[in-house]
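A.B. asks: Can you read through this structure? Questions will come right after.
The values are calculated or read from the model by the stated rules, or taken from the named source; none is laboratory data. All values reported here derive from a predicted model rather than from experimental measurement. As a convention, Cβ positions derive from the backbone with ideal geometry for all residues, glycine included, and neighbour counts pool all protein chains shown. The accessibility values were calculated without ligands, DNA or RNA, using every heavy atom of the protein model including side chains. Shrake-Rupley method; radii C 1.70, N 1.55, O 1.52, S 1.80 Å.
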Amino acid sequence: MIPRKILRLGGADVQHFLQNLVTNSLDRLGDGPVYAALLTPQGKFICDFILIEDGADILLEVAEPQAAALAQRLTMYRLRADVTIDVTDLQVLRGTGPAPEGAFTDPRHAALGWHLIGAEGGTDGTDFDAIRVAHCIPETGIELTPDTFILEAGFEHLNGVDFRKGCYVGQEVTARMKHKTELRKGLRRVTLEGPATPGTEITAEGKSVGTLHSVAGDQAIAYLRLDRATGAMQAGEARVFLPEDS
């Protein structure tokens with residue numbers, strides 16, 4: 001599992017600043033942590049994170065490899081706004097089962113357990129990749145890449161986008177995909193018969209239909225061209241089935 005890092009954002013304009021940038025509404029912070037993403041103006045994925053209210057400040061929990069670049073990008077967007085952006089030494093401990101005091105439930109899916117921000121990082125030994133695969137939850141750097149459109153990655157089902165809030169970077173493309181088009185590609189959980197390696201091309205009747213990503217046992221997350229992904233498919237030596245076809 002990728003370690004997590006905490007950014008601290010403060011200042012008088014911090015709520016307004018983030019509301020104009022991210023895919024979800026900061027109005028939801030009063031009910032608990034919020035999952036959101038930052039997109040390009042073309043609607044492509046840059047980074048996903050969890051926002052946590054901490055007094056007048058907002059903590060931003062992000063995958064550690066993306067923390068410095070995200071802080072730099074937010075600083076670029078800040079312009080003259082009264083916003084401070086600091087990379088902290090705080091870490092994130094994650095687990096399932098009874099949550100320790102001060103922990104919060106992962107806003108993407110309850111099966112992902114709890115997060116506790118503090119001096120200690122890591123996990124309680126839970127196989128989070130198996131949980132992600134079982135519920136088709138994408139991970140930064142694996143299923144979520146600079147070519148990703150968030151609706152194809154299931155952000156609507158992961159509570160990561162608000163279609164009623166005002167404008168944000170990439171909002172026009174995201175809204176158009178929601179209201180005016182039928183998604184032809186997307187992430188799906190698949191069943192495997194045989195060994196398969198992440199990154200393997202998936203084919204059906206000799207034609208490319210997608211790519212295999214995270215694998216856990218005989219289950220995997222695949223990015224598929226949905227109009228072609230029917231019946232038995234192939235990924236290397238493995239046969240690939242959508243759940244309804246297996």
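A.B. asks: Check off (1) in a loop (DSSP other than H, G, I, E, B); (2) within 25 Å of TYR77 (Cα to Cα); (3) without any contact (Cβ under 8 Å) to a residue 60 or more places away in the chain; (4) not hydroxyl-bearing (Ser, Thr, Tyr) for ALA229 and give me the number that stays unchecked.
C.D. replies: Just one mismatch for ALA229, condition (2).
A.B. asks: Working only within the range 132-154, note down all residues that are among the hydrophobic types (A, V, I, L, M, F, W, C) and surrounded by 18 or more Cβ atoms within 10 Å (Cβ to Cβ).
C.D. replies: In the first step, residues of the range 132-154 are kept if they are among the hydrophobic types (A, V, I, L, M, F, W, C); the result is 133-134, 136-137, 142, 144, 149-151, 153.
Result: VAL133, CYS136, ILE137, LEU144, PHE149, ILE150, LEU151, ALA153.
A.B. asks: If a residue counts only when it is touching a Gly at 6+ places or on another chain (Cβ under 8 Å) and in contact (Cβ under 8 Å) with a residue 12 or more places away in the chain, which strands (runs of 3 or more DSSP E) contained entirely in the range 69-142 have at least 3 such residues?
C.D. replies: Details: elements: 84-87, 91-95, 114-118.
It comes to 91-95, 114-118.
A.B. asks: Which residues, taken from the range 169-195, are among the charged types (D, E, K, R) and in a strand (DSSP E or B)?
C.D. replies: Pass one, the range 169-195, residues among the charged types (D, E, K, R): 172, 176, 178, 180, 182, 184-185, 188-189, 193.
Of everything in the range 169-195, those that are among the charged types (D, E, K, R) and in a strand (DSSP E or B) turn out to be LYS185, ARG188, ARG189, GLU193.
A.B. asks: Filter the range 1-51 down to residues that are within 13 Å of the chain's Cα centre (by Cα) and part of a loop (DSSP other than H, G, I, E, B), then give me how many there are.
C.D. replies: Total meeting the criteria: 3.
A.B. asks: Okay, next question. Looking at the structure I just gave you, is THR96 open to solvent by 60 Å² or more (accessible area, probe 1.4 Å), β-branched (Val, Ile, Thr) and touching a strand residue (DSSP E or B) at 6+ places or on another chain (Cβ under 8 Å)?
C.D. replies: Numbers: open to solvent by 60 Å² or more (accessible area, probe 1.4 Å): no; β-branched (Val, Ile, Thr): yes; touching a strand residue (DSSP E or B) at 6+ places or on another chain (Cβ under 8 Å): yes.
So THR96 does not fit the description; no.
A.B. asks: For the range 59-74, check the following and say yes or no: at least one residue is in contact with a Pro (Cβ under 7 Å, 6 or more places away or on another chain) and within 24 Å of THR105 (Cβ to Cβ). Before you say what the answer is, go through the steps one by one.
C.D. replies: Pass one, the range 59-74, residues in contact with a Pro (Cβ under 7 Å, 6 or more places away or on another chain): 64.
In the following step, the residues that additionally are within 24 Å of THR105 (Cβ to Cβ) were identified as 64.
Yes: the range 59-74 contains one or more residues that are in contact with a Pro (Cβ under 7 Å, 6 or more places away or on another chain) and within 24 Å of THR105 (Cβ to Cβ).
A.B. asks: Does ASP57 qualify as being more than 20 Å from LEU158 (Cα to Cα) and either exposed (fewer than 15 other Cβ atoms within 10 Å of the Cβ) or among the acidic types (Asp, Glu) (or both)?
C.D. replies: Against the criterion (more than 20 Å from LEU158 (Cα to Cα) and either exposed (fewer than 15 other Cβ atoms within 10 Å of the Cβ) or among the acidic types (Asp, Glu) (or both)), ASP57 qualifies.
A.B. asks: Within the range 217-225, is even one residue over 30 Å from THR23 (Cα atoms), touching a strand residue (DSSP E or B) at 6+ places or on another chain (Cβ under 7 Å), in a strand (DSSP E or B) and open to solvent by 10 Å² or more (accessible area, probe 1.4 Å)?
C.D. replies: From the range 217-225, those over 30 Å from THR23 (Cα atoms) are 217-218; that's our starting set.
The next check asks that each one be touching a strand residue (DSSP E or B) at 6+ places or on another chain (Cβ under 7 Å); those that pass are 218.
Those left that are additionally in a strand (DSSP E or B): none.
Among the residues of the range 217-225, not one is over 30 Å from THR23 (Cα atoms), touching a strand residue (DSSP E or B) at 6+ places or on another chain (Cβ under 7 Å), in a strand (DSSP E or B) and open to solvent by 10 Å² or more (accessible area, probe 1.4 Å), which makes the answer no.
A.B. asks: A further question on this structure: Conditions first: (1) closer than 30 Å to LYS178 by Cα; (2) loosely packed, with under 15 Cβ neighbours inside 10 Å; (3) of a type in the set (Val, Ile, Thr). THR88 passes all but one, so which condition is the exception?
C.D. replies: Of everything listed in (1) closer than 30 Å to LYS178 by Cα; (2) loosely packed, with under 15 Cβ neighbours inside 10 Å; (3) of a type in the set (Val, Ile, Thr), THR88 misses just condition (1).
A.B. asks: Counting just the residues of the range 155-169 that are open to solvent by 60 Å² or more (accessible area, probe 1.4 Å), out of contact with any strand residue (DSSP E or B) (no Cβ under 9 Å at 6 or more places or on another chain) and not hydrophobic (A, V, I, L, M, F, W, C), which one comes out farthest from GLY186 (Cα to Cα)? Walk me through it before giving the result.
C.D. replies: Taking the range 155-169 as the starting set, the residues that turn out to be open to solvent by 60 Å² or more (accessible area, probe 1.4 Å) are 156-157, 159, 163-164, 167.
Okay, now just the ones that are also out of contact with any strand residue (DSSP E or B) (no Cβ under 9 Å at 6 or more places or on another chain), so 156-157, 163-164, 167.
Among the residues that remain, those that are also not hydrophobic (A, V, I, L, M, F, W, C) are: 156-157, 164.
On the way: GLU156: 12, HIS157: 13, ARG164: 23 Å.
My answer is ARG164.
A.B. asks: Could you figure out which of (1) closer than 22 Å to ILE6 by Cβ; (2) open to solvent by less than 20 Å² (accessible area, probe 1.4 Å) isn't true of ILE117?
C.D. replies: (2)
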